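Student: The structure's right below; bear with me while I get my questions together.
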Amino acid sequence: MSQQPPAQQQSHPGETGQMQPRPRDEMADYTGRDLLADKKALVSGGDSGIGRAVCAAFAKEGADVAIGYLSEDSDAEHTAELVRRQNRRSLQIRGDVADEQHCHDMVDKTVREFGRIDVLVVHAATQEPVSDFTELSTEQLRRTYEVNVFGAFWTVRAAAPHLAPDASIVITGSVNGLRGNKTLIDYATSKAAVHNLTYSLAQHYMQDGIRVNCVAPGPVWTPLIPSTLGEEKVEGFGEQAPMGRAADPDEIAPSYVFFASNRLSSYYTGEVLAPTGGEIQAG
């Protein structure tokens, strides 16, 4: 981001059009190399932010893309149009991954449309900060885990029978899952859980030739930020990173292309890639 965001706030789940500045999330200057030629991808949380950039990049690499999203119809339609501009098929699937049945339906609709799933990106997530741990309600804790952990589990489990023999699963983690966060305690621990889910699934599916990896970004300027953080946290968002700024989604999406492409990452499974703007992680 060349411009630090000013104070702003939206109702959850947020819309890209209301953000100032607008994030770079369309991979406009990205040139594909057929790394995913004729692949079929499902991206949960694909309507905006990192998910949108991933969908656009996958389409430029030759993939058809199913876009799972919560309720942001206009953002999802814009992302679908980015896919169609590359002469690739798109499919929009509306619903909440906190609902187990929806996770199954999302997979089933993708398979009916595309025939199989070569790349599964489990990206949908939610967060809500609290200033005091005792304010973290059971309802919020349950909601965070249902979306971020159960939703990931249910989606992978539903997709497993439909995955191609050389399929790739990419789960979105977070730098907060690597080092914690004092005001995003439920979110940070949920992301630590999906990091371990990555390790465990990678071992489980090794013999089947299915690779499972994780991208754990640092601060990224997406609609989730102004729709979940207070104005004082949004202003200057990301300046705590060593690079002094948040990333745009376009800067994170190539990590997903890397893991999705067997040509690039055939020897990678059980890895957590952390594009964090220079924050060094131990281990």
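The values are calculated or read from the model by the stated rules, or taken from the named source; none is laboratory data. On a predicted model such as this, the values are computed, not experimentally measured, just so you know. Backbone-built Cβ (ideal geometry, glycine too); neighbour counts: all protein chains shown.
Student: Between Thr134, Thr155, which is closer than 19 Å to Asp64 by Cα, in a helix (DSSP H, G or I), at pLDDT 95 or above and among the hydroxyl-bearing types (Ser, Thr, Tyr)?
Tutor: After ruling out the rest, the residue left standing is Thr155.
Student: If Arg94 satisfies every condition in (1) farther than 25 Å from Arg157 by Cβ; (2) surrounded by 15 or more Cβ atoms within 10 Å (Cβ to Cβ) but one, which is the exception?
Tutor: Arg94 satisfies all of (1) farther than 25 Å from Arg157 by Cβ; (2) surrounded by 15 or more Cβ atoms within 10 Å (Cβ to Cβ) except (1).
Student: Within region 20-32, is even one residue at pLDDT 95 or above, touching a Ser or Thr at 6+ places or on another chain (Cβ under 6 Å), surrounded by 14 or more Cβ atoms within 10 Å (Cβ to Cβ) and not aromatic (Phe, Trp, Tyr)?
Tutor: No, every residue in region 20-32 fails to be at pLDDT 95 or above, touching a Ser or Thr at 6+ places or on another chain (Cβ under 6 Å), surrounded by 14 or more Cβ atoms within 10 Å (Cβ to Cβ) and not aromatic (Phe, Trp, Tyr).
Student: With respect to Asp75, is the statement that it is buried (at least 24 other Cβ atoms within 10 Å of the Cβ) and either free of Cβ contacts under 8 Å to residues at least 12 places away in the same chain or within 13 Å of the chain's Cα centre (by Cα) (or both) true?
Tutor: The answer is no for Asp75.
Student: Yes or no: Gln101 assigned to a strand (DSSP E or B), surrounded by fewer than 21 Cβ atoms within 10 Å (Cβ to Cβ) and either touching a His at 6+ places or on another chain (Cβ under 9 Å) or not aromatic (Phe, Trp, Tyr) (or both)?
Tutor: So Gln101 does not fit the description; no.
Student: Please state which of the following conditions Val111 fails to meet, knowing it meets all the rest: (1) crowded, with 24+ Cβ neighbours inside 10 Å; (2) in contact with a His (Cβ under 9 Å, 6 or more places away or on another chain); (3) assigned to a helix (DSSP H, G or I).
Tutor: With (1) crowded, with 24+ Cβ neighbours inside 10 Å; (2) in contact with a His (Cβ under 9 Å, 6 or more places away or on another chain); (3) assigned to a helix (DSSP H, G or I) applied to Val111, the lone miss is (1).
Student: Please return the ranges of helices (runs of 4 or more DSSP H) entirely within region 227-283 where 3 or more residues are acidic (Asp, Glu), closer than 15 Å to Gly49 by Cα and modelled with pLDDT of 95 or more.
Tutor: Filter on region 227-283 gives an empty set.
Student: Also: In region 15-55, which residues are in a helix (DSSP H, G or I) and over 13 Å from Val121 (Cα atoms)?
Tutor: Thr16, Gly17, Gln18, Gly49 - these are the residues of region 15-55 that are in a helix (DSSP H, G or I) and over 13 Å from Val121 (Cα atoms).
Student: Can I ask one more? Which residue is surrounded by the most Cβ atoms within 10 Å (Cβ to Cβ), if the candidates are limited to region 217-245 and must be out of contact with any helix residue (DSSP H, G or I) (no Cβ under 8 Å at 6 or more places or on another chain) and among the hydrophobic types (A, V, I, L, M, F, W, C)?
Tutor: Leu229
Student: Here is a follow-up. Could you tell me which of the residues Asn213, Asn148, Asn176, Asn196 is farther than 23 Å from Arg52 by Cα, at pLDDT 95 or above, within 18 Å of the chain's Cα centre (by Cα) and not hydrophobic (A, V, I, L, M, F, W, C)?
Tutor: Asn196
Student: Considering region 168-214 alone, what residues qualify as being within 12 Å of Ala125 (Cβ to Cβ) and touching a residue at least 40 places away in the same chain (Cβ under 8 Å)?
Tutor: Answer for region 168-214, where residues must be within 12 Å of Ala125 (Cβ to Cβ) and touching a residue at least 40 places away in the same chain (Cβ under 8 Å): Ile171, Thr172, Gly173, Ser174, Leu184, Asp186, Tyr187, Ser190, Lys191, Ala193, Val194.
Student: In region 56-79, what count of residues is obtained for those that are in a loop (DSSP other than H, G, I, E, B) and either touching a Leu at 6+ places or on another chain (Cβ under 9 Å) or more than 23 Å from Leu224 (Cα to Cα) (or both)?
Tutor: Within region 56-79, residues that are in a loop (DSSP other than H, G, I, E, B) and either touching a Leu at 6+ places or on another chain (Cβ under 9 Å) or more than 23 Å from Leu224 (Cα to Cα) (or both) number 3.
Student: Looking for something closer than 22 Å to Ala159 by Cα, surrounded by fewer than 21 Cβ atoms within 10 Å (Cβ to Cβ), modelled with pLDDT of 95 or more and touching a Gly at 6+ places or on another chain (Cβ under 9 Å) - is there at least one such residue anywhere in region 48-66?
Tutor: Within region 48-66, one or more residues are closer than 22 Å to Ala159 by Cα, surrounded by fewer than 21 Cβ atoms within 10 Å (Cβ to Cβ), modelled with pLDDT of 95 or more and touching a Gly at 6+ places or on another chain (Cβ under 9 Å).
Student: Residues being surrounded by 14 or more Cβ atoms within 10 Å (Cβ to Cβ) and in contact with a Pro (Cβ under 6 Å, 6 or more places away or on another chain): count how many of those fall in region 1-14.
Tutor: Number satisfying all stated conditions: 4.
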